[in-house]
Amino acid sequence: MIMQKLPRAERGSGVETLMRILIAEDEAKTGKHLEHGLREEGYAVDLALDGNEALWLAETNPYDAMILDIMMPGKDGLSIVRQLRRKAITTPVLFLTARTDIEDRVRGLDAGGDDYLVKPYSITEVLARVRALLRRSRPELASTLRVLDLELDLLSHVARRAGREIDLTPREFALLEFLMISSPKPISKTAITEHVWDQNFDSQTNVVNVYIKYLRDKVDKSGMKPLIHTIRGVGFALRETP
């Protein structure tokens with residue numbers, strides 16, 4: 001993967017982000033399975049295949065949670081967390097391991113881990129553990145984003161307009177979240193692609209326009225004042241109709 005400093009999004013007067021997760025797993029198939037599951041839930045994900053890469057990413061970029069395999073080439077998961085904690089990096093960590101001994105779990109928690117999951121596991125349980133970590137470390141996320149009559153619950157992943165629930169896919173939810181966090185400021189296609197799809201922007205792709213249309217069809221239904229606007233030469237904004 002290309003190592004780069006992750007962009008951050010502004011929210012109000014403070015600084016906020018879409019949820020970004022670091023996965024460190026040396027088994028490529030397992031790592032890709034985790035990455036796919038988290039991305040499908042709307043998280044931005046970085047995948048490291050060894051401990052040295054994981055440590056570099058964790059020290060360089062801000063993450064909301066980390067999922068670390070304990071046994072990896074280079075630095076093991078316990079050593080990574082100990083080093084992060086010495087540097088006052090308090091990002092919550094979920095350890096993954098094939099070991100079932102109670103002593104191993106205790107060592108993981110004593111090293112600075114926050115939770116522990118034994119292989120084999122289901123992606124459903126991983127997602128539940130990640131949500132629990134985020135609730136404990138970021139209690140402010142329990143609040144709902146609001147722009148006029150549009151509401152977005154970041155933890156339950158429920159969107160409502162004028163009290164009526166909107167059925168969104170995980171990708172649509174992530175796009176709407178980014179628009180609401182940035183509201184009323186416009187955001188470019190490049191920024192949307194980097195944050196929502198977490199990839200380098202391809203000027204030839206039409207994916208942003210396609211998903212903006214999906215959102216408009218669901219959020220700006222007939223008879224409602226449009227909230228999603230195209231800003232010529234800039235990108236898109238979610239705000240009250242001028």
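For the chain, give the magnitude of the charge dipole about the Cα centre (Cβ charges: +1 Lys/Arg, -1 Asp/Glu; no others), in debye to the nearest 20.
Dipole about the Cα centre, nearest 20: 800 debye.
How would you classify segment 73-122 from its alpha-carbon gyration tensor, with a ≥ b ≥ c the square roots of the eigenvalues: rounded for a/c under 1.5, else prolate if a/b is greater than b/c, otherwise oblate?
prolate
Calculate how steeply helix 28-40 sits against the longest principal axis of the alpha-carbon atoms of the chain, using the helix alpha-carbon long axis, and give the answer as 0 to 90 degrees to the nearest 10.
Result, in degrees: 30.
Taking a 1.4 Å probe, which of 56, 197 shows the most accessible area, and what order do the others take after it?
56, 197
Residue 153: accessible area at probe 1.4 Å, nearest 10 Å²?
40
Pick out, in residue order, every one of the chymotrypsin sites (Phe, Trp or Tyr not before Pro) in segment 108-192 that is DSSP loop and has at most 15 other C-beta atoms within 10 Å; say none if there are none.
The qualifying sites are 121.
Above 17 angstrom, tally the Cα pairs of segment 34-75 and express them as a % of all pairs, no decimals.
32
Given the pairs 32/213; 185/225; 29/213, which are separated by over 24 angstrom at their Cα positions?
From 32/213; 185/225; 29/213, over 24 Å: 32/213; 29/213.
Taking the alpha-carbon centroid of each part, what is the distance from segment 148-174 to segment 114-135 in angstrom?
24
Only bridges with both residues in the chain count here: give the DSSP antiparallel percent, nearest 5.
Looking only at bridges with both residues in the chain, the antiparallel portion is about 55 percent.
Helix 207-219: angle to the longest alpha-carbon principal axis of the chain, degrees 0 to 90, nearest 10?
70
Quick check on the chain: take the gyration tensor over C-alpha atoms, sort the square-rooted eigenvalues as a ≥ b ≥ c, and tell me if it's rounded (a/c under 1.5), prolate or oblate.
It comes out prolate by the Cα gyration axes.
Quick one: check the C-alpha center-to-center distance for segment 33-59 versus segment 211-242, whole angstrom.
About 32 Å separates the Cα centre of segment 33-59 from the one of segment 211-242.
Is segment 41-99 best put as rounded, prolate or oblate by its Cα gyration tensor, with a ≥ b ≥ c the root eigenvalues, rounded for a/c under 1.5, and otherwise prolate when a/b is larger than b/c, oblate when not?
rounded
The values are calculated or read from the model by the stated rules, or taken from the named source; none is laboratory data. Values in this document were obtained by computation on a predicted structure and should not be read as measured data. All Cβ positions, even for glycine, are placed from backbone atoms using ideal geometry, and neighbour counts span all protein chains on display. The accessibility values were calculated without ligands, DNA or RNA, using every heavy atom of the protein model including side chains. Shrake-Rupley method; radii C 1.70, N 1.55, O 1.52, S 1.80 Å.
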